Amino acid sequence: MSAEPREDLPHDPYAALRSPSYRGFVLSMGLVTLGLQVQGVVVGWQVYARTGDPLALGLVGLSEALPFLCLALFGGYAADRLNRLRICGATTLGLAFCSFLLWSFSWYFHTGPLARAVWPIYGIIFLTGVVRAFYRPANMALGTDLVPKQLYANGSTWRVAIFHSGMVLGPALGGLIYAWRGPVAAHFVVMILMAGGLLGLLSIRYTPTPVAPKSGSVFASLAEGLRFVFSRRLLLGAISLDLFAVLFGGAVAVLPIFAKEILAVGPAGLGTLRAAPAAGSVLMGFILAHRPPLRHAGRTLLLCVGGFGAAMIAFALSRTFLVSLAVLAVSGAMDNVSVVLRATLLQTLTPDHMLGRVSAVNQVFIGSSNEIGAFESGLMARLLGLVPSVIFGGCMTLLVVGATAWKVPELRRMKRIG
C-alpha cells in the first residue's frame, strides 16, 4: 500500500485529466459505456415486450455472463502479454459489430415469424459477452498505464465518474429513442457511439512495457493471477464485498417490470430509472474528486455498501416515481465510493506486469456478478414475487456487509489508500 500523501501539497482535482492520452482514454470508455447502456435498456424492453416474463430478462444477463466467466481470465492473460491499446481497439470494433447485428435483427425481423423471437437476441448478447471478456481487463490495465502511481486515486475517481456519466445518459437516451423511434433507431445510435469510442483511442500515445517471456503454460500464468488475489486478504475482502452486494442487491434487471406494472411510466420512464443510480454516482464522483483521499477508507467502504443494500429495500417499498428515482440515486452514490476505493486498492497493490490478470479476476468477481445478479433478480422475482425479491436482495447485502466486517477486520481498519 502506498504511503499517505503529503498534507502540504495542494490537491489538484483534475490532475489525471491534464494528460491528453488519459482524456482520450476516458472519452473512448465513456462513449462505449454510453452505447452499452443504450443497448441494455433497449434489449431489456424488447425482451420483456416480446415475452412478458421476468425470467426472460434474467436470461439476458446470463447470456452475457457465461462467456464472460469462461474467457475473462484469458482476456487478462492477453492484456499482460499483448499491446493493451490494440486489444481495446479490436474489442471496441467487436462491440460495434454486435450492435450492428442487433440493429439488423430488429430491422429485418420486426414482423413475421421471428417478430416475437428472443433467442437471436440472446445469441448476440452472448457474443457481446465474449468481446467484453477481452475488453474489460485490457481497458482497466490501459487506464492504469496512462497515469503515474501517485495519481491512481484521482484517475480512478474520474474514470468511475465518466463511466457512470455514460450510465446516466445511456438509459435515458435509450428509453427516449425507443419511445420515439423504436429499437431500430436505438441500435443504430449504439453503432455510432461505438465508432466514436474507437476514434477516441486514436488520440492515445502509448508505449507498452516490454514483457519478458516466461516459461510455463497459459494456465500456469492464469493461476499466478488467481493466487495473487487470494493471497491478499485486503484485496480479496474488498472484491468479495462488492461481488455479493451486486449479486444480491441489484434491481436493474427487473426495472422494466417496475416501470411497466408498478410505476406505470413506460420506456421513457424506464430509461430515467436506469439512469438514476448513475446520476447519483456522477455527483458523488465530483465530490470525491474535489476532496482529499478518504481518511477511513475501509469503514467508509463497508458503510456505503450497507447503504446500497438499504436503498434497494427502500426502492422495493416505494410506489412513487420521484421517490424511486431519489432512492436509486442514493444507491448509485453509495456504489461510486465502493467502486473508487476498490479500483484504487487494486491498482496500488498489483504489480504492473500482473495488472491484466488481476483486473480479469476482479472482473470475473464483479463484472459477471452484474449479469449473474440480473439472472438472480429475474429468477427470484418469479419465485418470490417482484417486491419481495428486491427486499430479500437488500437484506442479503446487509448480511454480507456484517459478515465481511467480522471476517476481514483489516478491511474495517484500513485507512487511506492511493
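Just so you know, all these numbers are worked out from the coordinates, no wet-lab data involved. Source: prediction; values computed, not measured. Ideal geometry is used to build each Cβ from the backbone, glycine not excepted, and the neighbour counts take in all protein chains shown.
On the principal axes of its Cα set, how long, how wide and how thick is region 29-160? Give whole Å, largest value first.
56, 27, 25
Under 8 Å for C-alpha pairs, at least 6 residues apart: give me the relative contact order for region 13-126, rounded to a whole percent.
Once divided by the residue count of region 13-126, the mean separation gives 36 percent.
Between TRP406 and TYR206, what length comes free when the chain is fully extended (0.36 nm per residue of separation minus the Cα-Cα distance, one decimal in nm)?
Working: separation 200, 0.36 × 200 = 72.00 nm, distance 4.30 nm.
My answer for the length gained is 67.7 nm.
Modelling each spin label as a point 7 Å along the Cα-to-Cβ direction, I'd like the VAL218/TYR108 distance in nm, to one decimal.
3.1 nm
What is the gain in length, in nm to one decimal, between LYS149 and HIS296 on full extension, counting 0.36 nm per residue of separation less the C-alpha to C-alpha distance?
Extra length from LYS149 to HIS296 when fully extended: 50.9 nm.
Given only helices, namely DSSP H runs of n ≥ 4 each adding -39500 (n - 2.57), what is the per-residue ellipticity at 222 nm of the chain, to the nearest 500 deg cm²/dmol?
-27000 deg cm²/dmol
What's the extension gain from ARG319 to LYS415 if we count 0.36 nm per residue and subtract their Cα-Cα distance? Mind showing how you got there, number by number?
Values: separation 96, 0.36 × 96 = 34.56 nm, distance 3.95 nm.
This chain segment gains 30.6 nm when fully extended.
Would you work out which of LEU243, SER19, LEU328 lies farthest towards the positive end of the dipole of the chain, given +1 charges on the beta-carbon of Lys and Arg and -1 on that of Asp and Glu, about the Cα centre?
SER19
Roughly how many nanometres apart are two label points built 7 Å out from the Cα toward the Cβ at ARG382 and ILE192?
3.7 nm
Where the eigenvalues come from the Cα gyration tensor of the chain, what are the semi-axes √(5λ) of the equivalent ellipsoid, largest first, in whole Å?
Gyration-tensor ellipsoid for the chain: 32, 25, 20 Å.
Efficiency by 1/(1 + (r/R0)^6): what FRET value for ALA264 and ALA117, r their Cβ-Cβ distance, R0 = 30 Å, to the nearest 0.05?
Numbers: r = 27 Å, r/R0 = 0.91.
After rounding to 0.05, the efficiency reads 0.65.
Label-point separation (nm) for LEU226 and PHE286, each offset 7 Å from Cα along Cα-to-Cβ?
4.4 nm
Where the centre of each part is set by its Cα atoms, how far does region 48-94 sit from region 236-288, in angstrom?
Between the Cα centres of region 48-94 and region 236-288 lies a distance of 20 Å.
Under the definition of Cα pairs under 8 Å and six or more residues apart, what whole-number percent is the relative contact order of the chain?
Numbers: 741 pairs, mean separation 128.4, N = 418.
Relative contact order for the chain comes out at 31 percent.
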